[in-house]
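This report refers to the structure that appears directly beneath it.
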Amino acid sequence: MDAAEFRKRGKEMVDYIADYLEKIDKRQVFPDVEPGYLRPLIPDCAPQDPESFEDVFKDIEKIIMPGVTHWHSPYFFAYFPAASSFPALLADMLCGGIGCVGFSWAASPACTELETVMLDWLGKMINLPEEFLAGTDGQGGGVIQVRGDMKNEYGCVCGLYDFVKPSHQNTNKGEILFFFFFFSCQMVERAALIGGVKMKNVSSDDTFSVCGSALKKVLDEDKAAGLIPFFFCATLGTTPCCSFDRLLELGPICNKENIWMHIDAAYAGSAFICPEFRHLLNGVEFADSFNFNPHKWLLVNFDCSAMWVKKRSFLTGAFKLEPLYLQHHHQESGLVTDYRHWQIPLGRRFRSLKLWFVLRMYGVTGLQEHIRKHVRLSHQFEHFVLRDERFEICAEVVLGLVCFRLKGSNELNKALLKSINEAKKIHLVPCHLREKFVLRFAICSRTVESTHVNFAWQHISQLATDLLKTWEQDHHHQ
């Protein structure tokens, strides 16, 4: 394929993607395939001779689309949003076209410098304390990575590096140090495994939030057992039910005990650009690091996870790598960031282009309206649930997630979810809250409207009616 054909085929692909997204509501949200569906549809090995673009293109609908779960469908209410927008897609094309591998400033100065500035823009949008920003002479700063869980891993390693500095290394000669890592949510366990440390979940209260007294209790127990706590991960907007840990209670404890405090706000962080939700971040001033994922709810397509640290030297100290072939004569200037020192992989994509395009083309006000629309739609669904006495709401609806269930057994709710997902009109996933099996209804798509939420509720309500009839009959006969 030469440049001339690329122009032609590129326009065809843009048209195909635009048609796909414009008409995505006509596609069944969850595919009708079984595991292993794809292998029989394609040859056993790669073709010896080149094939035409037409051959490849026609196989998209024939082979790929039948196995796609349509995350951007307005009938997709599972997990959390996967952000997407036309400006972000265009920026991703440019990222692929430039094709740089931005491990150092010299590898592509624009790739490095735009990222530093975009993380400052984003930090200012959510009113992060000044210490987290790079500015022109700050000690902090931000970095874009692949996923939010990677940020938890980096935070854990930073905390360990901060604790096991030379000043601590000779304090326990001949003894094994057992470091303890505390977390509040299920999504951060890999961080402890990678850090090679023990981990413990801190229990939550009736609102599924971790409070200061719970952390204090486990700290006292473990210190009495000779363990050394060094890292705590608080969560804002937990995956199961979007609950918020009590930062204003937890932060002072972590600071007093010299524990690295990381805050994971993967989904909820985007909402903090709205003044009415910014109070949920109060207490971030106590943290050492913070992250959220613009690729969830800020119209920047995957992958784009943002993390800030107050002292970037802890991050760069933990991951520093200086072979001669990666060094360059500007690296000691003080104005240069080499992002290879901020991460485990060496290479990185030009992800900040997506942020730059989206922030400029939507503006803060456009992004705020996107967030507020999703929150309004979640409260619409909550209202439907509350009006139906057969159902119950299981956690406070703060942002774009509603946790609900039929009043009754876990088996009844499992049967309801099965009937919803087998009908394939909408797509949901469950969670466990305490011992209850709960259905999660997340407002996800950029194009979702009140009519889609209304349809989803009518559909769920009818399936519940059908299920309860057969359920009562079956259990009556038993």
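The values are calculated or read from the model by the stated rules, or taken from the named source; none is laboratory data. Bear in mind that the values here come from a model prediction, so they are computed numbers and not experimental data. Don't worry about glycine lacking a Cβ; one is built from the backbone with ideal geometry, like all the others, and counts go over all protein chains shown. Heads up: the accessible areas ignore ligands, DNA and RNA and are worked out on the full protein's heavy atoms, side chains in. Shrake-Rupley method; radii C 1.70, N 1.55, O 1.52, S 1.80 Å.
Put simply, the amide H of Trp260, placed in the peptide plane, has neighbours under 5 Å in Phe231, Phe232, leaving out anything fewer than 5 places away on its chain.
Residues in the range 111-119 carry Karplus couplings, in order, of 4, 6, 6, 5, 4, 4, 6, 5, 5 Hz; the curve used is 6.51 cos²θ - 1.76 cosθ + 1.60 with θ = phi - 60°, and Gly or Pro positions show x. Whole Å is fine, so just give me how far the alpha carbon centre of the range 414-478 lies from that of the range 102-149. Rounded to whole Å, the Cα centres lie 42 Å apart.
For the range 375-427, taking Cα atoms only, Rg and Dmax work out to 11.7, 31 Å respectively.
Solvent-accessible surface of the range 401-478, averaged per residue with a 1.4 angstrom probe and all protein chains in place: 48 square angstrom. Among the trypsin sites (Lys or Arg not before Pro) within the range 357-408, those in coil by DSSP and having at most 14 neighbouring Cβ atoms inside 10 Å are Arg390, Lys407. With 10 Å bins beginning at zero, the pair-distance distribution over Cα atoms of the range 234-273 amounts to 30, 48, 22, 0 %. Here's the list of aspartates and glutamates a cross-link from Lys407 could span, going by alpha-carbon distance under 13 Å and ignoring same-chain residues fewer than 8 apart: Asp388, Glu389, Glu392.
Residues in the range 205-309 average 29 Å² of solvent-accessible surface per residue, probe 1.4 Å, ligands and nucleic acids excluded. A simple spin-label model places pseudo-atoms 7 Å from Cα toward Cβ; at Glu389 and Lys58 they are separated by 6.1 nm. Over all orientations, the range 3-80 has a Cα convex hull whose mean projected area works out to 7.1 square nanometres. Protein heavy-atom accessible surface, 1.4 Å probe, per residue over the range 3-80: 71 Å².
Are any of the pairs Lys217/Lys296; Lys11/Lys62; Lys26/Lys414; Lys124/Lys200; Lys200/Lys256 more than 24 Å apart by Cα-Cα distance, and if so, which?
Where the Cα-Cα span goes over 24 Å, the pairs concerned are Lys217/Lys296; Lys26/Lys414; Lys124/Lys200.
Using the average count of surrounding beta-carbon atoms within 10 Å as a protection proxy, the listed peptides 10-23, 125-138 rank, highest first, as 125-138, 10-23.
Here the dipole of the range 219-282 is about 180 debye; that uses its Cα centre as origin and unit charges on the Cβ of Lys and Arg (positive) and Asp and Glu (negative).
Look at the dipole of the range 348-478 built from charges on Cβ: of Ala415, Leu468, Leu377, the Cα furthest out on the positive end belongs to Leu377. Going by Cα centres, the range 243-303 and the range 81-95 are how many Å apart? That distance is 25 Å. Remark on the range 392-478: hydrodynamic radius 13.8 angstrom, per the Kirkwood mean of 1/r across alpha carbon pairs. Placing unit charges on the Cβ atoms only, positive for Lys and Arg and negative for Asp and Glu, gives the range 3-80 a dipole magnitude near 260 debye about its Cα centre.
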